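Report on the following structure.
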Amino acid sequence: MQNSILTTKNLNANDYTFKYKNVDGKHQVYLRNGVGSIPVFWSPWLIAPFGVSSYMKSKGSTETLNDWTLDLKASCYQNLDLSKLGKTFSYEENKEEIEYLLKFFNELQEKAIDFAQSNSKNLFKREMKREIIEEACITKILKKSDKKDADGNFYPDKFTTKIGKDKNGLPDIVVEDFEYQQTSFSSSESIIQAWLDVEDKLGQLIPKGTPLRAIIQLKPYFVNGKLGFTLKLCAIQLDDKKKNTGPTVYTFREDSGIKSFSEKKKVENISSGTSTPSDTSIVDEEEIDVEEEEVEVP
């Protein structure tokens, strides 16, 4: 099953359908378009307001490995130096892409609420009103601020991306420079050391306030009576505005496609001019059988 990497303007919530399946008494929720693909897309240029954060997977967890996340704020600076990408940054165009992304998130969330209401007997074991589901049973994608700036405008929305683990438990993320040298998070010493590298290396690459662009994979989940979304951070390119002595912009090759983030960890150079992001394909990390007990919501 392959998923094209979409541009932000090509994201459309109406292209996707939620599907439900009960497996061994556990609820599973999937999101697919007409050809069986999940949403995988390039984000606009956004700001990482806090840098990389970590937390234990669950309260009282005995696991030694944390989960690592990166919050992204739906805004960007007026000027970015993208000359190494062969591009000129347009603040207005980027702002428009951000609006497309927020529209996609909001519309997808509305579809999730509709889906949860239509399947409330299966998911919650009783009929539930839409407003109750929206209030108590949905983990929202966007974190909205109740604070305003000096001009009286609310601060931009934020959303959280998660750094995933590959089949070996190693960090499943690509960071690559213009010589195609990748920042590696694999470790021959131990998996724990690999994740310490995430804190050390990504912490230096992404200090507070860093502007970056990312490849993000979106999947729904149903856990503890709540329906929400995981935004997997697959790859990043960034302009650190010369805050450190390393490369100022990272990029990815795009013209021959992504074979597997977990195995190949290759993306093609956006400055090559041989393709657009929407031409690139990614192999989904898992094949999902959704034939049994499947419920679709138009």
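The values are calculated or read from the model by the stated rules, or taken from the named source; none is laboratory data. Since the structure is predicted, the reported quantities are computational estimates derived from the model, not experimental observations. In this analysis, Cβ positions are derived from the backbone assuming ideal geometry, glycine residues included, and neighbour counts consider all displayed protein chains.
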Worksheet item: Scanning for something within 19 Å of Ile216 (Cβ to Cβ) and surrounded by 13 or more Cβ atoms within 10 Å (Cβ to Cβ), does the range 115-125 turn up at least one residue?
Response: no
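Every residue, every condition in (1) touching a residue at least 12 places away in the same chain (Cβ under 8 Å); (2) crowded, with 20+ Cβ neighbours inside 10 Å; (3) over 14 Å from the mean Cα position of the chain (by Cα), yes or no:
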site	(1), (2), (3)
Glu199	yes, no, yes
Pro207	yes, no, yes
Leu212	yes, yes, no
Ile215	yes, yes, no
Val223	no, no, yes
Leu231	yes, yes, no
Worksheet item: Out of the residues in the range 170-186 that are outside any strand (DSSP E or B) and at pLDDT 85 or above, which is nearest to Ile216 (Cα to Cα)?
Response: Ile173
Discussion item. Test of understanding: among Ile38, Ile98, Ile5, which residue is under 16 Å from the mean Cα position of the chain (by Cα) and assigned to a strand (DSSP E or B)?
Written reply: Ile5
Practice prompt. Check off (1) of a type in the set (A, V, I, L, M); (2) surrounded by fewer than 17 Cβ atoms within 10 Å (Cβ to Cβ); (3) more than 27 Å from Leu202 (Cβ to Cβ) for Leu108 and give me the number that stays unchecked.
Written response: (2)
Worksheet item: So which residues in the range 123-179 are of a type in the set (D, E, K, R) and closer than 19 Å to Thr230 by Cβ?
Response: Lys140, Lys143, Asp157, Lys158, Lys162, Lys165, Asp166, Lys167, Asp172
Worksheet item: Quick one: would you say Ile132 is in a helix (DSSP H, G or I), among the β-branched types (Val, Ile, Thr) and crowded, with 17+ Cβ neighbours inside 10 Å?
Response: no
